[in-house]
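The values are calculated or read from the model by the stated rules, or taken from the named source; none is laboratory data. For clarity, every value in this text was computed on a predicted model and none was experimentally measured. Cβ atoms come from the backbone with ideal geometry, glycine included; neighbour counts cover every protein chain shown. Only protein heavy atoms, including side chains, enter the accessible area calculation; ligands, DNA and RNA are left aside. Shrake-Rupley method; radii C 1.70, N 1.55, O 1.52, S 1.80 Å.
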Amino acid sequence: MVRRWLSRTSRDVVVNTVSIGGVEVALRGASVSSPWRATGYLETLPESLAACLRWVAQRDALGQDAVLICSPGERRRARHVAFAFAELVNSEAFYVGISGDTTESDLRQRRELSAGGSSWSDAPPVRAAVRGGVLVLDGLERAERNVLPTLNNLLENREMTLDDGRLLMPEAKVVGETPLVEAVPASFRVVAIASPSPPYRGRPLDPPLRSRLQSHLVPGADAYELAGAASAISGAERAGVVAGAQQLVRLEIEALKNRKMTTRRDFFFSVSTAAVERALTRATEDDTARALLRKVYPPLAQPNRSRSLDRVDAGLPSSEETRISEPLLIREDHHDVLYLSARQRRVFEAAKRDLVVPGGGGGGRVLLLGTRGGGKSVISRALLGPGARRLACHEDMSSRDLLQRREVDESGASAWRDSPFVAAAREGVPAVLDGIHRLNDGVLVAALGRALEDGVIDLPDGSRLACDVPVVALARSAEKTRPPSFLAPDVAALFCTYELPDWTSEPEIAAALEAVAPALSPASRDRLAAVVAASRADDSPEDARLSTRAARRVARFLERDPSASLRKLVRDALMAKFLPQNISDAIDSWFSFGEKEEDERPSSSSSSSRWRASREGEAVVARLGDEEVARLGVRAPGAAPELVPRLGTAYVASPAAEAGVARLATSLSSGERHVAIVGNQGVGKNVVVDRLLELMNAEREYSQLHRDTTLSSLTTTPTVDEGGKLRYVDAPLARAAIRGRVAVLDEADKAPVDVVAALRGLVADGELALADGRVLRRFPSSPRRPEDVAIHEDFRLVVLANRPGYPFHGNSFFRASGDAFETFAVDNPDVDSEAAILATVAPGLDPGARRRLVSAFAELRARFESGSLDYPYSMRECVHVARHLDKYPEDGASAALANVLAHDAYSPRLALVLEVFEAHGFENSSGERAFVPGGEEEKRRKALAVEYSFKEGPRGSGGASVPRTALGAPKFGEVDPGRAPHVGGNSWAGGSGGSDTAGLGGRGGPFRLWDGQNVPHQVSEEAKAEVSEAARRAAREHAEIARRERLAEIDQMTETDWAVYSDMLDRIAPHVASMHAALDAARDKRASRRWLKRRADGELDDEKIVDGIAGEKLVFKKRGRTPDINKRDDDDDDFSNRRRHKRSLLFLMDCSGSMYRFHPVDGRLGRMLEATMLVMEALDGLDNYEYAIRGHSGSSHRVDLVDFGRPPPNRGERLKVLQRVVAHASFCEAGDTTIDATETAVKDVLDRRRATQNDEDENSRNNNKALVVALSDANFRRYGLDPADWARALLADDVEGYAIMIGSIGEEADRVSAALPPGRGHVAMDVDDLPVVFDRILRHAGIIQDDEDINSRA
């Protein structure tokens, strides 16, 4: 408190000045009739901030403007000082929360419409200047560049030219009364608030602005202040809170001094002592120090917290929290049933206590984190009651949208419409902020920071509103490996944060399933509980997690149909068919062998022919054989019969089509109102929907989604009528919801993630806000509000999407919103179904040709699924070829196939495609055979010669050998031009099982050498032990001389060498093209452009039509890259961006002697060379990746082949890399340094990453982890290596580590792979396996992504 600092004159006279700590400042507008006004800020100002207040008073006495510097978590304390100063000098305070979408109109003037014209409305800075008040600018570091300079002249000279023609001038310069001149009183002051950047997130202040503002650091609360906070908790717990908070402050200061806030490992989350003090004040006697600190400092509750935070937590009192052992069942009248385990109920009860402020001091603020589909919305309704207002957040929202939106009333005048949050504050009802993780950085704090911390809302219309209602914010939990990126320190300071734990143990999952599906058999319930628990294990992939909503849906399906396949239901719920193979395999591992053999109806070709859907009287009936499985009523004729699909003869009742229609009918008849269908292109997703709607006589509202789709274009579209008035026209989705039609949203994967995610409110909660202020509600609120529009009982929503992943360009719709829908896949049709379709569309085509064509396309799709082709040739393309052959048979197969294969005319993949068609009897007469890189078995198995002595030969081992000569000195030996087999001797180079000469399987020779023709023989270990140490030393000297000579030869590339390289490249060219295209597409997707709002040109933004009518300029939007708030001004160019965000990839190649020795047995060295070539060729020209290649062997754990930043510039240099691999394998010593090489590689990439990426934010660091891929022949047992040590090296922090076994003695490769964590170990014993394995690794590591980063938005 600061009463003792203040002195005033008697109340009986006019008070002109006030003194604080000896600094005297003038009061504004005080008189006997209008005395000094107390607003409460001075009364509650802590003593520790009195010095800050005195400093601001000094700036006022000097006529200077000020900026209060604070950490992000202490913004409330800085704001307290600013408003306390306004109260001290008896001045009006005007507040502006700055964000990235703050524009000039927010700082100067905004045009408003009236019935007969327009007028200008002053923004807070202008009103503050005219009235001589105090302007508080909160969050300077959040503003976009070149926005705040509009205030520079006002700050420097107190002058500003306004849009309405007025001129602001200092009061002292105004002479007489001038109509267009507004005097700025000398009492006008600016007090800004900012967090310094760096080290905190944001933009540094522009030097002209910074130089005009005097700065002062606002400290956090000290121990004395925290200890003095009134609290109901015990003294020991209070002391623990104080000590813990002070330790966190010290850790933050230490991190700042050491500049460690820019690395992931040492990143320190700024602490808010203001939040700690607030939590102490509101604590109850049931709170403990640990619980209190965790809810205001979220990193302390993270399972993967740092060691520093572990020490903080260990120092807190170890008192027991109030234990709740009973679960809770939440039942809603119109919504779902949610079971809360005892652990979840503890969070529920704690949040419930925090929403009630002791002493009637208004409502609390709670942030509830939970997984997608985990029941957050149901819990929020249980916490706040049915009358709470819900504000659904999405990425396009500006800070103004969270408060008010502009509209035009019936008279044509502009007006402001309250957001649901502001409406809740006006009505005094609770508010829900749903999905705050989707908002852009700074938007929430700028708009609602003061409302949530101070209980005051400053509205865009210029009014001010008290806000003391309970608020629950909902957001997605963190991934398993990192905290939520949206939960910045300034956001955490607003709430008491709780994370809703998942059901994880089988008993609690089984209890939950029993509550939501009581008729489910105990056996099915326990089996499903085990599957759900497995999906949520720590080592389970994120995409394999079965959400609570999805688990309930599976349970209820089993409840209705106990004979259904659990494995199929779970795989459908997770869309496992479209997941990477390693994740799909992980899902399959949850089931026994018997379960995997269950009948997977209706997707299998054997059972699809038994499905049919037809109209029987006034019902649509789906049958499996003779059994009825679904029944839907036929709808009465509606107002728009033309909207009912009419397929007629265009529908072919193939087994696959009938199975799809029956599957959709089953979903809708079971009570599901919202269904998503996912599949490849051209498989008939639209046909399935249209056929069922035709049978049902249901009217369809269709929308084609695309990258420019907005929520407004889906729901209500604004338009200006002839009278200049704004009107809203219902879009298809809104029309369908209101009139009871079926909405079909096609190509949902092409729409922006945030648009699709916004549909979750409609699907999961039955609520969607429209742009015109109406709210679609499935269950209208009680009492019903004027804006509520009931969703028709017959409304259904069907969403169609392509499968995720390359080569499809869309986002992963299923990952973003799939669990909110009943989802199933429409697969490529079986051969019989596709043949039936071709018989309809190409009746004149020979049945045998039809069958062969269908079989060829089926093989192409199988190759796509296996990864050997990168394009999914669809039924649509098969139909096109068949129709051409039917209509123009004289053109032949070549012309018909060219219609769909011309896209691949310059792609190496064409060779593999043509091979398939030739294998099915379609002769290629177009001369395109030159595209085929060879198909003979010999060429397929050839490990190509990259050294004169490294030739292809027979596979296998010749058995044991007994040397026929005594040991002598090591030597090269004679060369036999005829390559006769030489076994056991000591004369011939390239022999085997002998002594002294260069060969294989012998003893005492200088290095390994194979004649490329004869299988090698092997001497015993006892015979090898007879070699003397002197002979071994001499052999090593010979090998080193030969190695140097070979390296010198490698520098000269001959035509023969180029032919060798070309042959090898021909073999892997399709795989190189596929991998290169996937990596390039991933780069393009991450760099894809987004809509940038508030632009002076481009396309008119629907949400800014009112502003445009009113005359504002920045009402357009255009495509561009989203600016990075942390980007320096000189980093705008693409080169700089690529330089700072390159992904580091390090590949470790096995160059050990065993690779050379056992190549004749299994071709492992050839696979290693092709893997090396695949990496170099696929990454060529991709400048957003940097890679290095190293070798490892018994001689060294680091053999540098390609350095970072120095890729081989041409194929000649790449051949030299391969030749060096062979040379090293030929001359190196025996041994295995795989684990040492991996540990060194991980350390090196971490050091490199820290040195080159210090200026990245945390989210970028997590998305740009370095990659280390270690290839080995798994020769661990011979050299006593433990796979567990390899696993530890691969799982290092901030590195994605993977292993590929490309050779094996017996089953050792499988044994080593099984010992590694899931998804980290792979086996590739065939050349064709390599590209598939690389693709799996790159997807698992997030380098090749299915879509843009949606984890923080969906």
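For (1) in contact with a helix residue (DSSP H, G or I) (Cβ under 9 Å, 6 or more places away or on another chain); (2) of a type in the set (S, T, N, Q); (3) surrounded by 12 or more Cβ atoms within 10 Å (Cβ to Cβ); (4) at pLDDT 90 or above, each residue gets a yes or a no:
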position: Val2; (1), (2), (3), (4): yes, no, yes, no
position: Ser19; (1), (2), (3), (4): yes, yes, yes, no
position: Ala38; (1), (2), (3), (4): yes, no, no, no
position: Leu53; (1), (2), (3), (4): yes, no, yes, yes
position: Ser71; (1), (2), (3), (4): yes, yes, yes, yes
position: Ala82; (1), (2), (3), (4): yes, no, yes, yes
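Among the listed residues Val175, Val130, Val136, which satisfies the condition of being in a helix (DSSP H, G or I) and either over 20 Å from Ser195 (Cα atoms) or under 39 Å from the mean Cα position of the chain (by Cα) (or both)? Criteria check complete, one pass: Val130.
You will find that of Ala544, Ala550, Ala493, the residue that is farther than 30 Å from Asp441 by Cα and of a type outside the set (Lys, Arg) is Ala550 and no other.
Within the range 1227-1241, restricting attention to residues that are under 31 Å from the mean Cα position of the chain (by Cα) and farther than 12 Å from Asp1285 by Cβ, which residue is surrounded by the fewest Cβ atoms within 10 Å (Cβ to Cβ)?
The qualifying residue surrounded by the fewest Cβ atoms within 10 Å (Cβ to Cβ) is Thr1240.
Exactly one residue out of Leu1338, Leu1316, Leu1330 is modelled with pLDDT of 75 or more, farther than 28 Å from Val756 by Cβ and surrounded by 21 or more Cβ atoms within 10 Å (Cβ to Cβ), and it is Leu1330.
From the list Ala423, Ala466, the one residue that fits, being on the phi < 0 side of the Ramachandran plot, of a type in the set (A, V, I, L, M, F, W, C), modelled with pLDDT of 90 or more and open to solvent by 30 Å² or more (accessible area, probe 1.4 Å), is Ala466.
Here Ala751 meets each of (1) in contact with a Leu (Cβ under 8 Å, 6 or more places away or on another chain); (2) under 22 Å from Pro637 (Cα atoms); (3) surrounded by 22 or more Cβ atoms within 10 Å (Cβ to Cβ) with one exception, condition (2). Across the range 722-731, the qualifying residues are those that are in a loop (DSSP other than H, G, I, E, B), within 20 Å of Arg406 (Cβ to Cβ) and open to solvent by 60 Å² or more (accessible area, probe 1.4 Å), and the one among them that is modelled with the lowest pLDDT is Gly723. For the range 186-210, what are the residues that are assigned to a loop (DSSP other than H, G, I, E, B) and closer than 20 Å to Pro170 by Cα? Across the range 186-210, the qualifying residues are Ala186, Ser187, Phe188. The set of residues in the range 160-186 that are within 23 Å of Asp106 (Cβ to Cβ), touching a residue at least 24 places away in the same chain (Cβ under 8 Å) and open to solvent by 40 Å² or more (accessible area, probe 1.4 Å) comprises Asp163, Asp164, Glu182. Residues considered: Gly387, Gly442, Gly412, Gly428. Of these, the only one that is crowded, with 18+ Cβ neighbours inside 10 Å and not hydrophobic (A, V, I, L, M, F, W, C) is Gly442. Listed by position, the helices (runs of 4 or more DSSP H) enclosed by the range 732-847 that each have at least 3 residues that are touching a residue at least 60 places away in the same chain (Cβ under 8 Å) and among the charged types (D, E, K, R) are 753-765. Would you please name the residue that is farthest from the chain's Cα centre (by Cα), looking only at residues in the range 733-766 that are charged (D, E, K, R) and closer than 25 Å to Thr719 by Cβ? Looking at residues that are charged (D, E, K, R) and closer than 25 Å to Thr719 by Cβ, I get Arg739.
Would a scan of the range 1203-1226 turn up a residue that is touching a residue at least 40 places away in the same chain (Cβ under 8 Å), assigned to a loop (DSSP other than H, G, I, E, B) and open to solvent by 20 Å² or more (accessible area, probe 1.4 Å)? Explain how you work it out, then say what you get.
We begin by selecting, within the range 1203-1226, every residue touching a residue at least 40 places away in the same chain (Cβ under 8 Å); these are 1204, 1211-1212, 1214-1226.
Next, only the ones that are assigned to a loop (DSSP other than H, G, I, E, B) stay: 1204.
Filter once more, keeping what is open to solvent by 20 Å² or more (accessible area, probe 1.4 Å): 1204.
Yes; the residues of the range 1203-1226 include at least one that is touching a residue at least 40 places away in the same chain (Cβ under 8 Å), assigned to a loop (DSSP other than H, G, I, E, B) and open to solvent by 20 Å² or more (accessible area, probe 1.4 Å).
Going residue by residue through the range 687-703, is there one that turns out to be under 22 Å from Arg876 (Cα atoms), buried (at least 18 other Cβ atoms within 10 Å of the Cβ), among the basic types (Lys, Arg) and over 28 Å from the mean Cα position of the chain (by Cα)? Checking the range 687-703: at least one residue is under 22 Å from Arg876 (Cα atoms), buried (at least 18 other Cβ atoms within 10 Å of the Cβ), among the basic types (Lys, Arg) and over 28 Å from the mean Cα position of the chain (by Cα).
Just one of (1) modelled with pLDDT of 90 or more; (2) open to solvent by 20 Å² or more (accessible area, probe 1.4 Å) fails for His903. It is (1). Annotation: of all residues in the range 283-305 being at pLDDT below 85 and of a type in the set (D, E, K, R), the one that is surrounded by the fewest Cβ atoms within 10 Å (Cβ to Cβ) is Glu285. Do the conditions hold for Ala415, that is, is it in a strand (DSSP E or B) and of a type outside the set (Phe, Trp, Tyr)? Against the criterion (in a strand (DSSP E or B) and of a type outside the set (Phe, Trp, Tyr)), Ala415 qualifies. Is at least one residue of the range 795-804 modelled with pLDDT under 85 and within 20 Å of Arg700 (Cα to Cα)? No, every residue in the range 795-804 fails to be modelled with pLDDT under 85 and within 20 Å of Arg700 (Cα to Cα). Regarding Ala758, is this residue modelled with pLDDT under 80 and crowded, with 24+ Cβ neighbours inside 10 Å? So Ala758 fits the description; yes. Applying the criterion of being modelled with pLDDT under 90 and under 20 Å from Val799 (Cα atoms) to the residues of the range 633-661, the residue that is surrounded by the most Cβ atoms within 10 Å (Cβ to Cβ) is Gly660. Checking the range 588-608 against the condition returns no match, with no residue being at pLDDT 85 or above, farther than 30 Å from Pro541 by Cα and open to solvent by less than 20 Å² (accessible area, probe 1.4 Å). Of everything listed in (1) modelled with pLDDT of 80 or more; (2) surrounded by 15 or more Cβ atoms within 10 Å (Cβ to Cβ); (3) among the aliphatic types (A, V, I, L, M), the single unmet condition for Leu217 is (2).
Yes or no: Leu711 within 28 Å of Val775 (Cβ to Cβ), open to solvent by 10 Å² or more (accessible area, probe 1.4 Å), out of contact with any Phe, Trp or Tyr (no Cβ under 7 Å at 6 or more places or on another chain) and in contact (Cβ under 8 Å) with a residue 60 or more places away in the chain?
Yes: the conditions hold for Leu711.
Only residues that are among the β-branched types (Val, Ile, Thr) and either assigned to a loop (DSSP other than H, G, I, E, B) or at pLDDT 90 or above (or both) were counted in the range 510-531, giving 1. Among the residues of the range 225-237, those identified as part of a helix (DSSP H, G or I) and either open to solvent by less than 60 Å² (accessible area, probe 1.4 Å) or free of Cβ contacts under 8 Å to residues at least 24 places away in the same chain (or both) are Glu225, Leu226, Ala227, Gly235, Glu237.
Does Arg556 satisfy the criteria of being in a helix (DSSP H, G or I), in contact (Cβ under 8 Å) with a residue 12 or more places away in the chain and open to solvent by 40 Å² or more (accessible area, probe 1.4 Å)? So Arg556 fits the description; yes. Can you pull out every residue in the range 200-209 that is in contact (Cβ under 8 Å) with a residue 12 or more places away in the chain and either aromatic (Phe, Trp, Tyr) or open to solvent by 50 Å² or more (accessible area, probe 1.4 Å) (or both)? Selection gives Tyr200, Arg201, Pro204, Asp206, Pro208.
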